[in-house]
Structure formats: C-alpha cells, structure tokens
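Step one of this worksheet: look at the structure below.
All of the numbers you see were taken from the coordinates with simple rules; none came from a lab. As the structure is a computational prediction, the values presented were derived from the model and not from experiment. Neighbour counts run over all protein chains shown; Cβ positions are idealised from the backbone, glycine included.
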Amino acid sequence: MPEPSAALPGRFDDLDLRPELQRALTALGFEEPTPIQQAAIPVLLEGGDVVGRAATGTGKTAAFALPILQLLAEGARPKAPVALVLVPTRELALQVCAAMESYGRDLRARVLAVYGGAPIGKQWRALEDGVDVVVATPGRALDHLRRGSLTLDGLRTVVLDEADEMFERGFAEDIEAILEETPAERQTVLFSATMPPRIDGMIRRHLRTPARIEIAAPAQVAGEAPKVTQKAYVVRRFDRAAALARILELESPTATLVFCRTRTDVDDLTEQLNGRGYRAEALHGGLGQEARDRVMGRLRAGTAELLIATDVAARGLDVDVLSHVVNAELPSSPEIYTHRIGRVGRAGRDGVAISLFDPRQHNQLQFIERITGNKISIEALPSVTQLRTAKMARLVGEVATLLAAGDVAINDPALDALLDEHDPAKVAMAALQLAATKDGDRLSEDAIEDLSYRLLRRRNERPDRPVRADRPQRTDRPERADRFTRNDRPGRDDRPERSERFDRPSREDRPVRADRDERPGRPERSDRPERGPRPAGGPRGTAAGMTKLFVGAGHDVGLRPKDLVGAITGEAGLRGSDVGAIDINDRFTLVEVPSDRADDVIVALRGTTIKGARATVRRERFTAGSGPAAGRGGPAPFKKKKFDGDGKGRPVKRPGW
C-alpha cells in the first residue's frame, strides 16, 4: 500500500512537477504546499489510491488536480476524458474547473464543468469535441452516461471531492452507478471533511488499499489560542436584515463574512443591506471567476465591509482581515458550524462568531453546543437608543485618542469663525452629533420583537427585571414546611372516604350493554357502503410543517424520486432528509418540502431543468371533488372525441390533455 513519504516536500520544487505546472504555480504565487498537498501529491503521482480527511480551505483541490494534470499526454490527446471529478454542487464544479484551468493553462488542459440547470446540448457538444478532465455533479454525470455522451473507458483517475456532502445530498446511489461504469484499474481519490460510517463502506468496495491521510487542525502557538467569542440572537426570518444591521452597528467589525444557505438568500440579503448604507458584496456560484476575484479584491482592500456568501462559494477563502463571521441561519450540522467560525480567531487574533436563529431552532443550537463543546451566549437584540449611546461613546474615545496623540491642528480659520460666535463646548458637541448621525439611515426605527427573554429563562440566565415594591419577597415568606404539608391541609380530615363520596352502583349491578351487532338502527358492518380512497395531496395528506408542491413532470419523462431529490438538494440547498413524501404520476409529481423553504424550492426549480426539460413548479392547489385528479393538483378530467372536424380520424386534444 502506498504510504506518504516520511520526508515531506517543503516546496513545490521538491515535487518534481512538470515545468508547465511549476510556471503556473509561480505565477499564482504558490511557493509551499499545504500539509494535505505534501502528503497526497507524492502518493497520487505513484498511482496509489488516497482517502484524505481535511477541513475546508486546506488546499484539497490542488492536491488532486496537480497529479491529474501531471499525467496529461503531450501533443495529441484522445477525446475521451482521462479523469472524472465528482462534486456535490454546481458552485463547487465551477470553482474546481476554474482552478484546474489555471494550473494547466500552459498544458492547454481541456477541463469541462458538467452540472444540472445548464443546457445539456452545449455540454454534449463540448464532450464530443474532446476534454481531458470532467468536473461534474453526480446527477448530470449519470445523465450523460445514459445518453452515451460521456465515455469513461479511458478513465485513469476518479476523484470524489466533498464526499460527505454528496452523501448528505442523496447522491450515494448515483455515485455507485457511476463507479460501476469506470475501469477496474482506475485510481480513486476520496476527500472529505468528515468520515461518517457510510463512506467507509464505499471505500471498502471501490478503493484498493488506499493511503489514509488525515490533516488535523493546525496547532496553535503557545499563548496564541484562538479567541472566538460566540453569540446568538433570536430573530425571525423576515427581521434578519434589520436585526443584522443593528448587530453590526454594535460590533463595528473590520470585515465580516455572512453565510447564507442559497444564492437567492445571498442576493436578497445583499440588496437589503446595501439599501441600508452598507458596502456588501455577494459571492455565489452565479459569479464568474473574474467577478469573484473583483469581490475578493474589494474585501481585502477594505472597500467592502460585508461579504455575503454560500458555504460552497466561500470554500477555500482565507482572508486575514476578517474579524466577524455571521450565520444568517443556523447551519445544518455542527461540522459546518465549526468550519464557518474557524475562519476567525486565527494566530491569536480575536474573532467573533454570530448566529441568527428562529425560536424553533433552539434545540438545534443546543445540539451544536453539545457536539462542539462550546457555550454560545444568547444575547438580547440592542435597541436603537442603545446603539446611538454606544456609537457616541466610541466617538468620544476616538477623539480622546486623537487629542492624546497631539496631532490636532488648532489654527483652522473655519474653526476660529465658529469659536468666535459659539461656545467651544457646544461646537464640540455639535461635531460629535454630526459624526454620530452621518450613517443614521442604517439605524432605521424598525420594530423588531425581542424574543430572547423566554429562551434566557430556559437557560437560567433570566435578565434582571425591576422588583415590584408592593410584592413580598420570597425571603419574607415562611418556610414551606412551616406553612402546611399536603396531608395537613385544613379540612382534609373532614372529607368523606372516596367510596362514600359517590353514590355509584357496583360493576355487578350495572346493566349489561347490548352486543354491538344487536343495537337497534345500526346496519351490519358488511352492509355499510365502502369508503373510497382519500384524495392524495390535500391538507389532511400533508405532514405537519410541510408544504406539497406540484411539479409538471412525471413518468412521461422518466422522472424518479432520486432525480427530484437531487434537483432539490442541488439547486435549493436542502438536505435529502428534508424532502418528504414524493408521489410520481404520469404527467405530474407531488413532493413535500419544509413549509419555510417552499418558496426557495419553487424559485430554484423554476430556473433549472428536470430530466432535460423545464417543468412547471408551484404550490399544490387542493380541490375537493371526484375523478382521478381530485385533490391532486393534476389536470382536470376530460372526454375524448373519436374524430376531429375534417374526418381524417386524428384524435383531438382537449383542454387539460
């Protein structure tokens, strides 16, 4: 079994890479490989399989990309790909594709991103023209395999990147089907941030004595332990932007990374915060590489205060200027939470991690606390008055610092004119008030309900409340034992025994009930009319907290449950376990999704294709009635005509056909 070399390479020059790759790495500013690159690249260059466990942002893409590019043939190359990289989302597919193109530019590497939601015909033509590496989501890769447009006979390497995320999104069966179509002598690489047990089964079935590489979190220098303050605020979803504006005004961060679940959430929150006067930038898979580079340049240069991003789009980011990380919604797992907050508090610097959550997510917050072993403090949302007081205090402190430095010019003619007409103290106070209110549009008088009090009571952290003067204190009351016990309550001994309280006949004296079948007026069970099947899809047929959606595709296009689950998880950011019951019919499908994410799913699916075609997606319209479509949101019943008007015997399509 190939093992990582004991003497790990300290520089890329020590890896014996092709000159074309060395030039590209030098141009990109890469000098020293990361630990995962040091351990994995030599093994992969020797042809061994690798299982790598490392956190997001550790350089896993280059760890598998450079060995793949190293083995590309010089001169003419076959049309079929030599490597297949499977990733969970389109955003990551685009990111990996861009990285491999930048590493292999001098090799003229042909890298193609293949994912759902894009025109399949364009991808088909690119595959026919010939590619070296295909970076694909599992669902679309399997679609091309079945259409015959993707050939894996010449494959040398298969990479499963972010394997745990692909399993979470319901792609396990698709991955198994794809691996069955690959050559038996291929090289297989699996990278994952976590290693749940179900991944071990795939490793045993499809990898050959792999080298296992695990990169632990970097050890901190003594005295430089990460200092991350973790806070949480109880906020309803529709108050997120207003609440976040208040929190940011209170924190006054240097630069902030805000995480959202979907690109729609990213765009909406970016627009709302820009409308409040913040300099916010959006980062998601809809951006090209040039736009992405511009956004990161603005953040590093300090011209952008907020970077609002999805998890996948933010992978690989390492920004030294970050002081705050914000979860606009609680992440779905403790592992994701840990990865997010790990972007601040590095090298002994202070950092703040803030999470916004709905009251219904309190149990999820407690679960994250229990798994991570961290205490997350629930804070009360600051009021506008508190924020203005805090801002004035900050300004006074800044003025005091400036005066102590002695760099203040006092011979300004404009200031002399003001001092001649006004009291110096009033002039100074007016200047402070102007400075404090110059960003007043950020602090709009939004009425946001304070939801923290009830949860703080549950955590035994009840905030101080004024004590009523007329209310006796508990310390003034007699001890419970001195008041009375349960058996010594007044009048208890005077109560009659239970058997004497009620004049009730004994069980033997009660009349015998008639047999069920002998009761008058009740028909025999066999004579009762049969109860028809309950219409599916109505309110009574939907699970609590779920909303049923109508999708205008079914058996007619070969739709399967996993196709729909893959589309929902890949496009709307849900997990496979979030999707409820699926009822596939001939020409439409009903699927249950969480009620609070129904609109996100509708918007996401309307912008993509399902089984190669766009489908109508809307909330199910429940209609009571009879017939096969009653209550199902499907087409209304109709009658067929035998012939059309010209007598040529062609069937006529009626409305709803």
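Before moving on, here are some points about what is shown:
- For Gln70, net neighbour charge (Lys/Arg +1, Asp/Glu -1) across residues whose Cβ lies under 15 Å away: -2
- Simple spin-label estimate for Glu449 and Asp106 gives 6.3 nm between the two label positions (7 Å along the Cα-to-Cβ direction from each Cα).
- Among the chymotrypsin sites (Phe, Trp or Tyr not before Pro) in the range 114-220, none is located in a DSSP loop while being surrounded by at most 14 other Cβ atoms within 10 Å of its own Cβ.
- Charge tally in the Cβ shell below 12 Å around Val82, where Lys, Arg are +1 and Asp, Glu are -1, Val82 excluded: +3
- Pairs from Lys79/Lys562; Lys60/Lys375; Lys60/Lys122; Lys548/Lys611; Lys79/Lys122; Lys60/Lys562 whose Cα-Cα separation, in the structure shown, is over 25 Å: Lys79/Lys562; Lys60/Lys375; Lys60/Lys122; Lys60/Lys562
- For q = 0.20 Å⁻¹, Debye-computed log10 I/I(0) when each Cα of the range 105-156 counts as one equal scatterer: -0.67
- Mean shadow area of the range 12-214 over all directions, Cα convex hull, nm²: 10.4 nm²
- Here r is the Cβ-Cβ distance between Leu45 and Asp129 and R0 is 41 Å; the resulting FRET efficiency, rounded to 0.05, is 0.90.
- Other residues with beta-carbon under 11 Å from the beta-carbon of Leu152 carry, at +1 per Lys or Arg and -1 per Asp or Glu, a net charge of -1.
- Three principal axis extents describe the C-alpha atoms of the range 151-211; from largest down they are 30, 25, 16 Å.
- Spin-label model, Thr209 to Glu398: label points 7 Å out along the Cα-to-beta-carbon direction sit 6.5 nm apart.
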